[in-house]
Every structure is written in C-alpha cells, then in structure tokens.
Amino acid sequence: MRRWRALWFWVFVGPFALGLALFTYVPLLWSVALSFFDAHNTVTPTHFTGLDNYTAMLRDHAFLDSLRTFLVFTAFIVPVTYGCSLSLALMVNRVRRARAFFRSVFFLPAACSYVVAALVWKMSVFSGVRFGLANTVLGWFGAGPVAWLASPDPPWYWLVIVTVRLWLQAGFYMILFLAGLQRIDPALYEAAAVDGARPGWTVLRHITLPQLRATSAAVVLLLVVNAFQAFDEFYNLLSDARGYPPYARPPLVYLYYTALGQGQNLGLGSAGAVILALVVAVVTVGQARWLRLGRTDGDG
Amino acid sequence: MDDALVRAGRALRLVLLIVLALLFLIPFYLLLRNGLAAERDITSPAWTFFPRQVRWGNVRELFADPSVPFARSLLNSALIAVATTLGTLLLASLAGYGLARIPYRHANKVFHAVLGTLLVPAAVTFVPSFVLVSSLGWISTLRGLIVPTLFPAFACFVFRQYFLGFPHELEDAAEVDGLGYWRTYWLVVVPNARPVFAAVGTIVFLGAWNAFLWPLVIGQDQNAWTVQVALSTFTTAQVVRLHELFVAAAVSVLPLLLVFLCFQRWIVAGVERSGID
C-alpha cells in the first residue's frame, strides 16, 4: 500500500486541485495576459499595447475614486461591525435566559441575501418618500423626509449601506466571538475576582479582550477581505435603470461596468482587476503582519 | 447594595437585548407585511403596522405573471444550490482527507497552493473567470453557473482541519481489516464525519443560494437567471410592482430560513470549527 501512496494522494486531491488550478489560477494568468492587450469584446486579442491599460486605469479619476470609496467604506464598516458584534457576543454570553433565542435572532439575517436586504432597505426602510419607515419615524418627531439614497450631500447613503451590512453580518461575527468567549478558562475570572477586580470594564480590558486576541485578529482580517468584495449591496441599492450614480462606487462595481458594460473592455477591466488584486494582497499581508506584531507585544 | 446594582445591570442588559432583537426582526416583518399587502397599502402615506387587508393572492399573482420568469429562476437557483453543495462536499472532502491523512512528499506545496487562493478574494477574479467561461462557450448555461464554483478553498481547508483532528483508531482498525484508503474513506471515515459534512454543506448551500455577482455576470439570458438576479433586475428597473417584488423576495428567503432553522446548530459548529483562529 505504501508504494501507491502518491497515486492515492492524487486520486483524493487531484480533482479538487485540478479544478482550482483551472478556475482560479488559469483565469488569473489569462487576466494578467489580457491586461497588456487592447481587448474590446474579445478574449483572444491580437493588438499588444504594453502598459497602456495600466496607465489609463491609474489616470482614470473614476477608478481612483472607487479605490477611495473602498477605503472610506472599510474605515467605517470594519470598526463598527467589530464593535457591534463583540458587544452582542458579550451581552448574549452573559444573559441567563433565552440565550439560544437571542443568538438565533441575531444570526438569522445571515440566511438573507444582500439582494433581498437591499430591496427592503431601498424600497421600504430608507425609501426617499414620505411613506418609508425611516421617514415615517422622522415624521413623528416633526422632521421632513430625507432622500436617503439620492443626495450625495450630505452623504446619507452611507448610513443605508453600512446598516445593511451590519444587519446581515453582525450575527455571523458574533458567533465567532461567542466561540472565543467559550474557550476562555473560567479560572482566570475567578483569579481576578480573588484579586478584587470588579466585574465590568476592568475585567473586560485585562482578561476578556487579551484572551480574545486571536479571534479578534481573524475577525478583522475577514472584515477587511469582505469589505474588498463589496458589490451586491452597492449595486442593488444605488443603480437603477439609468445606470449607477457617480458617488459611492466601489472598485468591483466600477470593474463590472468597465469589463461587462456596454464597452466590454476586457483589457482595461483585467488591468483594473490586477491592480485591485495587488492592493488586496498588500493590505492583507501587511495587516496579517501588523496583527501578529500586536500579539507578541501583548504576550511580552 | 452591590446585589441591587448587579440586578439592575442584568435587567438593563435584558431590555437592551430585547430591543435589539426586535430591531433585527423588523426587516423580516417588512418582507412579510409588504409581500402580503396591496400595492396601495405599501405606498400609503399613512403608515400602518398591519396592511388593511392580507392578500395571499399575491403569491399566485407572482407565479402567474408572464413578464416575470420567477418560477424558472427559482428552479435554476435550486438546481445550482443543490449541485454546488453536493459537488463541493464530494471534491473538497476528498481533497481535505488526502491532504490531512495520506503522507506524500509534496502535500505541503499542494496545500499552500490551495491556501494561496484564499488570499485573492473570489470577487476580484470575476473578470478573468468571465473571460475563461465565455471562451469555453458556457455563458448562460447551468454548467457555467455551477462548475467554476465547485472549488472553494475554504471548504477544503475546513475538511483538512477536521480530518487532522480525527481519531486514528478507526482507520487503524480498517487497515488491520485490509481496507485501502478508498474503502476506508467511504466505509469508515465518512459515516463518522457527518457533523462536518452538515456544517460545510449548509454554509455552501446558503452561499450558493445567495450568490449574486457570478450569476449576474454569467446568467445573461433570462432563462439562466437565478432568484437573486431576477429580484435585482426588478429592483433596479424603472417600473416596479412593489407588492409582487416583496412577495417574490419573501418566497426567495423561505427555503433558506427552513434550511437555516433545521441546520442552525451545524452552521454554528461549522463556523466555530472553521479553524480561523
């Protein structure tokens, strides 16, 4: 049997590895190749243009704006989701009765798609007209209706975009934090109580948060990676039959319209995808370094 | 004194949790309320908690509307979600087991190649993947919607982590009985690893049912629309029949809520076990 191990390894791993290579590595390489060509409406172009697509993308204000939009969005959504899901986990973990009920309610939105959530947010909660739920509530306090999605100044659309994602995802990250909290040794809390630490802020700061460091690092990493993937809610909240407004356009929405919109400029789209992939890789690796650095600091 | 404070804090926390729980449930309530209301109730300037009249007929109207290929899109979503789930479970569990349990010189290199794809967010590769799928002639086909999504690195990773921690005793007994890797896997390992299959399966199913960008890019023909693409097309179109839109959304969420409520325990276990820390 030992002689055949290599063969059996490939019988088990081969199909998956082959598929992954074919549908992840091959497209990536193809995309890198395409980004050096003038490729309108074709995936087998003949006109080599060198770095033209890259310089065009890096000079394109709309594309650079989309990168800035992503940064603003990340700066909002990562700390807010982190704070909300950690608070939820701390509260649910300490509640005595109906813990399973609260956990389910906060986790339930994970079963919803961004499309459905965006529909409810756009057409019912934050619709710009008087009968929208948010405007009805504002009306009770005598405030006039707000055009939540249509006015770039003040940028109320951020409130809509951030709350959709919070509703859909806070429960998921809460589960991760709950798992982390379960793993903390109760003896640590007992020792703190013996030392006279009062439950509350002190214990949270000196025991709970340091013990959650590994979970926190993973959550922040996932939050940033997911923020990069933002497409569904932006597309469904802001675009309509006339197209997409120039504000709040993250990179993926921009690439979608560049590569698959009317122009079908796959060369330009590929160059944008390569630039975005590089940005993602740099941020992810840098962040992983930074988080691990934080870990050794805390241990030392 | 201290006791009273603790009790007050506990009560405050409970009240806060109840308020938050209600807030979290409002969107579900709105889906149901608007889906079963008449359009003029949805757009009525005087907001009412309950629609003046509950119209179950909206569901029938939705499926009878010839301008909306809703039944077809539901069928597409169901086919895609089931095929994706079964295919992923088969391929990723085999790969995860091989990586965890079959000693091979280059196993680590293969594992790192799999892990490396986690670093590139799947959404960044949609342009290149579209290029590949269109050159295969798979645009607007079920093949194009299913096959490229069968290889999520995270599923392989979860299976590998799970099998690494799997007790060796069962496989040792199988080896004594003269079973090879293949029969050991199917007769001994799989029946004892049901929790991880259920966990990964539900996560993949939810993801496949709710996926949007890939079906939007590949399902260009109306006949290849998934439920999410159909809903999105109506939302972003100019002329909308609101009550039909909401009842469609409610119908699209229903199967998932059922899966979710049945398998919630497994999803939680799967998420906790996904080895992200």
Checklist entry - Counting only residues that are at the interface with chain B (Cβ under 7 Å from one of its Cβ atoms) and open to solvent by less than 20 Å² (accessible area, probe 1.4 Å), which one in the stretch A:260-287 is farthest from A:Asp60 (Cα to Cα)? => result A:Thr284
Item to check | Residue that is nearest to A:Ala39 (Cα to Cα), among those in the stretch A:272-300 that are of a type outside the set (Asp, Glu) and modelled with pLDDT under 70 | outcome: A:Arg292
Item to check | the stretch A:192-206 - residue that is outside any helix (DSSP H, G or I) and surrounded by 13 or more Cβ atoms within 10 Å (Cβ to Cβ) and, of those, farthest from the chain's Cα centre (by Cα) | outcome: A:Ala197
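Somewhere in the stretch A:32-54, is a residue under 23 Å from the mean Cα position of the chain (by Cα) and either surrounded by 16 or more Cβ atoms within 10 Å (Cβ to Cβ) or of a type in the set (A, V, I, L, M, F, W, C) (or both)? Give the steps one after another, and end with the answer.
So the first thing to find is which residues in the stretch A:32-54 are under 23 Å from the mean Cα position of the chain (by Cα), and the list is none.
Scanning the stretch A:32-54, I find no residue that is under 23 Å from the mean Cα position of the chain (by Cα) and either surrounded by 16 or more Cβ atoms within 10 Å (Cβ to Cβ) or of a type in the set (A, V, I, L, M, F, W, C) (or both), so the answer is no.
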Checklist outcome for this item: Those residues of the stretch B:188-220 which are more than 10 Å from chain A (Cβ to nearest Cβ) and aromatic (Phe, Trp, Tyr) amount to B:Phe197, B:Phe205, B:Trp214
Checklist entry - What do you reckon, is B:Phe197 part of a loop (DSSP other than H, G, I, E, B) and in contact with a helix residue (DSSP H, G or I) (Cβ under 9 Å, 6 or more places away or on another chain)? => result no
Item to check | Filtered residues of the stretch A:28-58 (kept if closer than 23 Å to A:Arg68 by Cα, touching a residue at least 40 places away in the same chain (Cβ under 8 Å) and part of a helix (DSSP H, G or I)) | outcome: A:Asn53, A:Tyr54, A:Ala56, A:Met57, A:Leu58
Next on the checklist: Quick check on the stretch A:79-86. Is at least one of its residues polar (S, T, N, Q), under 21 Å from A:Ile161 (Cβ atoms) and within 13 Å of chain B (Cβ to nearest Cβ)?
Outcome noted: yes
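Considering each of A:Arg99, A:Arg59 in turn, give the residue that is within 14 Å of another protein chain (Cβ to nearest Cβ) and open to solvent by 60 Å² or more (accessible area, probe 1.4 Å). Can you show your working first?
Values: A:Arg59 fails: within 14 Å of another protein chain (Cβ to nearest Cβ).
Being within 14 Å of another protein chain (Cβ to nearest Cβ) and open to solvent by 60 Å² or more (accessible area, probe 1.4 Å) holds for just one of A:Arg99, A:Arg59, which is A:Arg99.
Quick grid of which residues meet (1) away from chain A (no Cβ under 12 Å); (2) open to solvent by 60 Å² or more (accessible area, probe 1.4 Å); (3) part of a helix (DSSP H, G or I):
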{"position": "B:Leu22", "(1), (2), (3)": "no, yes, yes"}
{"position": "B:Asp41", "(1), (2), (3)": "no, no, yes"}
{"position": "B:Phe50", "(1), (2), (3)": "yes, yes, no"}
{"position": "B:Val59", "(1), (2), (3)": "yes, no, yes"}
{"position": "B:Pro66", "(1), (2), (3)": "yes, yes, no"}
{"position": "B:Asn76", "(1), (2), (3)": "yes, no, yes"}
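Here is a list: B:Glu169, B:Glu175. Which entry is facing chain A (nearest Cβ under 10 Å), surrounded by fewer than 18 Cβ atoms within 10 Å (Cβ to Cβ), out of contact with any Leu (no Cβ under 8 Å at 6 or more places or on another chain) and not aromatic (Phe, Trp, Tyr)?
Numbers: B:Glu169 fails: facing chain A (nearest Cβ under 10 Å).
Step by step, each of B:Glu169, B:Glu175 is checked, and only B:Glu175 is facing chain A (nearest Cβ under 10 Å), surrounded by fewer than 18 Cβ atoms within 10 Å (Cβ to Cβ), out of contact with any Leu (no Cβ under 8 Å at 6 or more places or on another chain) and not aromatic (Phe, Trp, Tyr).
Name the residues in the stretch B:83-115 that are among the β-branched types (Val, Ile, Thr) and touching a residue at least 40 places away in the same chain (Cβ under 8 Å), would you? Steps first, please.
Taking the stretch B:83-115 and keeping what is among the β-branched types (Val, Ile, Thr), we get B:84-85, B:88, B:102, B:110, B:114.
Residues satisfying the conditions are B:Thr84, B:Thr85, B:Thr88, B:Ile102, B:Val114.
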Checklist entry - Being among the hydrophobic types (A, V, I, L, M, F, W, C), farther than 12 Å from A:Ala271 by Cα and within 20 Å of the chain's Cα centre (by Cα), is that true of even one residue in the stretch A:62-69? => result yes
Item to check | Selected residue [within 10 Å of chain A (Cβ to nearest Cβ) and farther than 29 Å from A:Val282 by Cβ] from B:Arg101, B:Arg72 | outcome: B:Arg101
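When residues of the stretch B:260-269 are filtered for being facing another protein chain (nearest Cβ under 9 Å) and either outside any helix (DSSP H, G or I) or open to solvent by 30 Å² or more (accessible area, probe 1.4 Å) (or both), how many remain?
Going residue by residue through the stretch B:260-269, those that are facing another protein chain (nearest Cβ under 9 Å) are B:260-261, B:264, B:267-268.
Now narrow it down to the ones that are either outside any helix (DSSP H, G or I) or open to solvent by 30 Å² or more (accessible area, probe 1.4 Å) (or both): B:261.
Residues meeting the conditions: 1.
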Next on the checklist: Cβ-Cβ distance below 6 Å, separation of 6 or more or different chains: which pairs start in the stretch A:220-246 with a residue that is more than 7 Å from chain B (Cβ to nearest Cβ) and end on one that is part of a loop (DSSP other than H, G, I, E, B) and crowded, with 21+ Cβ neighbours inside 10 Å?
Outcome noted: A:Ala230/A:Pro250; A:Phe234/A:Pro250
Next on the checklist: Scan the stretch A:107-114 and tell me whether some residue there is buried (at least 19 other Cβ atoms within 10 Å of the Cβ), within 17 Å of B:Pro27 (Cα to Cα) and modelled with pLDDT under 85.
Outcome noted: no
Checklist entry - Among (1) out of contact with any helix residue (DSSP H, G or I) (no Cβ under 9 Å at 6 or more places or on another chain); (2) modelled with pLDDT of 90 or more; (3) among the small types (Gly, Ala, Ser), which single condition is B:Ala224 missing? => result (1)
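Based on what the data block shows, is A:Ala17 surrounded by 20 or more Cβ atoms within 10 Å (Cβ to Cβ) and not polar (S, T, N, Q)? If you could, list the steps in order and put the result at the bottom.
Details: surrounded by 20 or more Cβ atoms within 10 Å (Cβ to Cβ): yes; not polar (S, T, N, Q): yes.
Taking the combined requirement at face value, the residue satisfies it.
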Next on the checklist: I'm checking my understanding of the structure. Among residues of the stretch B:104-156 that are assigned to a loop (DSSP other than H, G, I, E, B) and within 18 Å of A:Asn226 (Cβ to Cβ), which one is least open to solvent (accessible area, probe 1.4 Å)?
Outcome noted: B:Pro121
Checklist entry - What number goes with the only condition from (1) open to solvent by less than 50 Å² (accessible area, probe 1.4 Å); (2) under 20 Å from B:Ser134 (Cβ atoms) that A:Tyr257 does not pass? => result (1)
Checklist entry - Taking the stated definitions as given, is A:Ala147 open to solvent by 30 Å² or more (accessible area, probe 1.4 Å) and of a type in the set (Gly, Ala, Ser)? => result yes
Next on the checklist: Criterion first (more than 8 Å from chain B (Cβ to nearest Cβ), of a type in the set (A, V, I, L, M, F, W, C), outside any strand (DSSP E or B) and open to solvent by less than 50 Å² (accessible area, probe 1.4 Å)) does A:Phe12 satisfy it?
Outcome noted: no
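The values are calculated or read from the model by the stated rules, or taken from the named source; none is laboratory data. Predicted, not measured: the structure shown is a model, and the values here were computed from it. Methodologically, a virtual Cβ is constructed for each residue, glycine included, from the backbone with ideal geometry; neighbour enumeration extends over all protein chains shown. Please note that ligands, DNA and RNA were not included when accessible areas were found on the heavy atoms of the full protein model with its side chains. Shrake-Rupley method; radii C 1.70, N 1.55, O 1.52, S 1.80 Å.
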